[in-house]
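The values are calculated or read from the model by the stated rules, or taken from the named source; none is laboratory data. The shown structure was predicted, so the numbers you read here are calculated from the model rather than taken from an experiment. Here the Cβ positions follow ideal geometry from the backbone for every residue, glycine too, while neighbour counts run over all protein chains shown. With ligands, DNA and RNA removed, areas are computed over all heavy atoms of the protein, side chains included. Shrake-Rupley method; radii C 1.70, N 1.55, O 1.52, S 1.80 Å.
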Amino acid sequence: MLSRLLGEFLLFLVHLIVNVLVAVQNVYHQFWAKRDDLPTCELTKRDISIVMEHVPRLRKKLHHLVVLAHTEYHSLSDLARVVIWSLVAGIPYVSLYDVTGNLKQDEEKLFHKIQQHKKGVPGYIKWANKPDLNGYTNGMNAHTVIVNIFDSYDGRPKIAQCVSHIAAESSIENYKELTVEELNYRLNLMYPSIPDPDLVIYTGPVCRTSGLLPWQIRLTEFIQLSLDHSVNVKSYIGALYKYNKCDQRFGK
């Protein structure tokens, strides 16, 4: 009897603690929502100044950043700001991995949202698969960022398609073992000319690849932006600092 009452009390205590944490989280969300309720131009200027302050301190330069984009949690403005921050940070390739499958159909809307945030920011944004959406640049020595949007089809299904093509080209008489180098070469022909991702940033409590380019992320670092799916410039800079501290031994 005593043990049952103790168990019920512990369950009640855990439930109470969880409710308090949820309430604190809601207050936190409301606070930051009010704090960031600024005109787009002011928000962009503030973010850009933060990025420009910290990027010179980073010794490891990113070549390819991937964002696990979940449209149920991330607005087009969230994703647009990440692209702009990466442009200012000098990251040449930014890919958005469409976890929910809704982002590709909104690609043009995302382009316009990026241009809205980009006003006054030097740099050139180039869309890999939609050259008609390519943006503009301010300044002669401005950076360029190439944007790709991938989804689940670009993962395992595309690898299977690649292997199927190789198998169809090989006859029984000319059969030879498929090497890693050959598969890598063939896959590079099927994807845009991009380097393998250095860093993937994600939000939420669970770290999962969600089918993201399984061949290309063998050496990729996954870093969490936030538990509550929020996206802000401070967590973005924090992820870059964490990546700089990673000691990649490449199997050594």
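Could you list all residues from region 101-128 that are polar (S, T, N, Q), in contact with a helix residue (DSSP H, G or I) (Cβ under 9 Å, 6 or more places away or on another chain) and open to solvent by 70 Å² or more (accessible area, probe 1.4 Å)?
The answer is Gln116, and nothing else.
In region 84-109, which residues are part of a helix (DSSP H, G or I), touching a strand residue (DSSP E or B) at 6+ places or on another chain (Cβ under 8 Å) and either at pLDDT 90 or above or closer than 15 Å to Asp47 by Cβ (or both)?
Ser86, Leu87
Filter region 206-227 for residues that are open to solvent by less than 60 Å² (accessible area, probe 1.4 Å) and either of a type outside the set (Val, Ile, Thr) or over 13 Å from the mean Cα position of the chain (by Cα) (or both) and give the result.
Passing the criteria: Ser210, Gly211, Leu212, Leu213, Pro214, Trp215, Gln216, Glu221, Phe222, Leu225, Ser226.
Just one of the numbered conditions (1) hydroxyl-bearing (Ser, Thr, Tyr); (2) closer than 27 Å to Pro157 by Cα; (3) in contact (Cβ under 8 Å) with a residue 60 or more places away in the chain; (4) open to solvent by 30 Å² or more (accessible area, probe 1.4 Å) is not true of Thr203; which one?
Just one mismatch for Thr203, condition (4).
Need pairs with beta-carbon distance below 6 Å; first residue farther than 14 Å from Trp127 by Cβ and touching a residue at least 60 places away in the same chain (Cβ under 8 Å) and within region 85-107, second surrounded by 22 or more Cβ atoms within 10 Å (Cβ to Cβ) and not hydrophobic (A, V, I, L, M, F, W, C); sequence gap 6+ or separate chains.
Close Cβ pairs satisfying both conditions: Trp85/Tyr236.
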